[in-house]
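Reading through the structure tokens given below for one structure.
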Protein chains: 2
Amino acid sequence: MQVRSAQARDNDAIWDIIGPTIRAGETYALPRDMSRAAALSYWNSPGHEVFVAEQDGKVLGTYYMRANQQGGGSHVANCGYMTAAEASGRGVARAMCAHSLAHAGARGFRAMQFNFVVSSNERAIALWEGFGFNIVGRLAQAFEHPRLGPVDAVVMYRML
Amino acid sequence: MQVRSAQARDNDAIWDIIGPTIRAGETYALPRDMSRAAALSYWNSPGHEVFVAEQDGKVLGTYYMRANQQGGGSHVANCGYMTAAEASGRGVARAMCAHSLAHAGARGFRAMQFNFVVSSNERAIALWEGFGFNIVGRLAQAFEHPRLGPVDAVVMYRML
């Protein structure tokens, strides 16, 4: 598995990953009916560095990194990761998270924060905890889950 | 003290409040050298409802309200409040917070979240606690304070 900077030619593959995740609406606080253009525009926002995880020439995951805040908060990184449904369980998120921690350190970030991890996404939480992130906050019923109804979201954080 | 929707004609008064706060860099994670245009564009972002607190025809404070997240998180409001330095201690922030809680309820929000309250801003934290907000998260050294160096930021939250 190789993690590399995304290019414009990766947009189709990125949409094939983020589209279904957004439509499912179970893990990201994004409008489920978001258009392809709006979704790609969000993922590739100014200030986002976008990466893809690739194996045998196929893109299996993508993540972005950005400064979580401006000004006095700009030394804390934030990332969002999405894996192709069909590649679930193959270590794609793990490879991307490892890459992002190394890259954030190289970029001079001093901490990394996930603002809004849906509490029912237990697999992601366990994975991030394995990478040294702690749950440092809990937002009661902050996410309306399409199947489960209102669930908590957690804030995860680690120093770099 | 009256709290009302901001109009285009309020932009000079709003800048007179947010400009010094941004330049000081002690309470908001915004670039201290942000231009007037960039600051007003941020304060009046699409999706922000902007209000001013006025007394005897003089604007003494301003706040914005927005949905803190999109999609499954869009029922949680977020606000940012700033008070004119010369009006400090006169209940301006209190009036704006009270107004915002009522307005958020009327708008159908079900909770309110402050994402990034600088921990050294003890007066604000005490005020929000008085309004029923709880510190639900702590971000270690997430803010580089211009005088104090790295300080924590806290996440505050309350149901509506």
- Taking B:GLU144, is it touching a Pro at 6+ places or on another chain (Cβ under 8 Å), buried (at least 16 other Cβ atoms within 10 Å of the Cβ) and acidic (Asp, Glu)? yes
- Item | Yes/no for A:PHE116 being within 23 Å of A:ALA53 (Cα to Cα), outside any helix (DSSP H, G or I) and at the interface with chain B (Cβ under 7 Å from one of its Cβ atoms) | yes
- Message: Suppose we filter B:GLY132, B:GLY91, B:GLY108 for residues that are more than 14 Å from every other protein chain (Cβ to nearest Cβ), of a type outside the set (Lys, Arg) and surrounded by fewer than 20 Cβ atoms within 10 Å (Cβ to Cβ); which single one remains?
- Response: B:GLY91
- Message: Filter the range B:72-88 down to the residues that are closer than 17 Å to A:ALA142 by Cβ and open to solvent by less than 30 Å² (accessible area, probe 1.4 Å) and list them by number.
- Response: B:GLY72, B:GLY73, B:HIS75, B:VAL76, B:ALA77, B:ASN78, B:CYS79
- Task: Would you be able to say whether some residue in the range B:28-47 is in contact with a Gly (Cβ under 6 Å, 6 or more places away or on another chain), open to solvent by less than 60 Å² (accessible area, probe 1.4 Å), under 21 Å from B:ASN121 (Cβ atoms) and more than 13 Å from chain A (Cβ to nearest Cβ)?
- Result: no
- Top-ranked residue of the range B:1-27 - restricted to ones that are within 14 Å of chain A (Cβ to nearest Cβ) and touching a residue at least 40 places away in the same chain (Cβ under 8 Å), ranked as farthest from B:HIS145 (Cα to Cα): B:ILE18
- Message: Can you pull out every residue in the range B:111-129 that is crowded, with 18+ Cβ neighbours inside 10 Å and over 22 Å from A:ASN78 (Cα atoms)?
- Response: B:ALA111, B:ASN121, B:ALA124, B:ILE125, B:TRP128
- Residue identified as within 17 Å of the chain's Cα centre (by Cα), on the phi > 0 side of the Ramachandran plot and at pLDDT below 95 among A:GLY132, A:GLY89: A:GLY89
- First in the range B:127-141 and touching a residue at least 12 places away in the same chain (Cβ under 8 Å) and more than 22 Å from A:ILE135 (Cα to Cα), second anywhere and assigned to a helix (DSSP H, G or I) and open to solvent by 40 Å² or more (accessible area, probe 1.4 Å), Cβ under 7 Å, 6 or more apart: B:LEU127/B:ARG94
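The values are calculated or read from the model by the stated rules, or taken from the named source; none is laboratory data. The structure presented is a predicted model; accordingly, all values stated were derived computationally and were not measured. Quick reminder, even Gly has a Cβ in these numbers, built from the backbone with ideal geometry, and neighbours come from all protein chains shown. The area values use the complete protein model at the heavy-atom level, side chains included, leaving out ligands, DNA and RNA. Shrake-Rupley method; radii C 1.70, N 1.55, O 1.52, S 1.80 Å.
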